[in-house]
Amino acid sequence: MNNEFLRSVKKQFNDYKALGEKTFSQLSDEQLFWRYNEESNSVATLVKHMWGNMLSRWTDFLTSDGEKDWRKRDEEFENDLKGRKEMMDKWNEGWDCLFKALDSLTEDDLGKEVFVRQKPLTVTDAIHRQLTHYVYHVGQIVYIGKMLRDDQWVTLSVPKKGKN
């Protein structure tokens with residue numbers, strides 16, 4: 001059953017990764033960096049934050065706290081990436097780190113305890129915590145994409161009748 005859990009959770013992570021990528025493909029380079037105002041995040045900034053979080057959480061997942069000393073979380077929210085390629089490099093690096101960590105897990109690991117910001121969690125709970133965090137941000141990315149594309153948006157799920 002636990003191998004089933006790992007397969008299922010990897011599929012869910014992959015599904016949300018794909019939603020982000022389907023959104024990126026609909027946006028111009030300029031739109032990836034658009035912000036509603038100074039306090040809001042662009043798609044690229046959300047990607048940069050997810051990248052920082054993924055590297056911190058999934059590097060040495062079983063053996064060190066998920067909030068690494070080297071992480072510079074505040075810098076993740078600076079809208080300073082230099083283009084689509086840099087954004088996609090970070091996107092892929094983060095997801096690669098996550099999937100490498102998941103691929104290394106065994107059934108016996110699922111009940112082990114790990115720490116995130118010194119808070120103890122089972123491996124299973126830590127995985128769920130990260131899944132919900134990434135779903136939250138992918139939802140933001142999709143919403144921004146939908147706003148920017150307006151009536152040119154190609155739906156990523158079941159279209160309304162008469163729509164694409």
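General observations
- The value of relative contact order for region 2-152, using C-alpha pairs under 8 Å at least six residues apart, is 32 percent.
- Environment charge of Y16, counting only residues whose C-beta is closer than 12 Å and scoring Lys/Arg +1, Asp/Glu -1: +2
- Degrees between helix 43-58 axis and first principal axis of the chain (Cα, 0 to 90, nearest 10): 10
- When Rg and Dmax are taken over the Cα atoms of region 84-123, they come to 13.7, 40 Å.
- Considering every alpha-carbon pair of region 123-164, the percent of pairs per 10 Å bin, from zero through the bin containing the longest distance, is 25, 37, 23, 13, 1.
- Cα-projected label distance for E86 with W153, points at 7 Å along beta-carbon direction, nm: 2.8
- Hits among aspartates and glutamates - C-alpha to C-alpha of K146 under 17 Å, sequence gap 8 or more where chains match: E21, D29, E30
- Most mobile listed residue (Y36, Y134, Y16) in the chain, GNM with C-alpha springs under 10 Å: Y36
- Shape metrics for the chain, restricted to C-alpha atoms - Rg then Dmax, Å: 16.8, 52
- Entry for region 53-111 at q = 0.18, 0.21, 0.23 Å⁻¹: log10 I(q)/I(0) = -0.71, -0.88, -0.99, Debye formula applied to identical alpha-carbon scatterers, no solvent contribution.
Since every read-out is calculated from the coordinates, none of them should be taken as a lab result. A quick note: this is a predicted structure, and the numbers were derived from the prediction, not measured. So basically every Cβ, Gly included, is an ideal-geometry build from the backbone, and we count neighbours across all protein chains shown.
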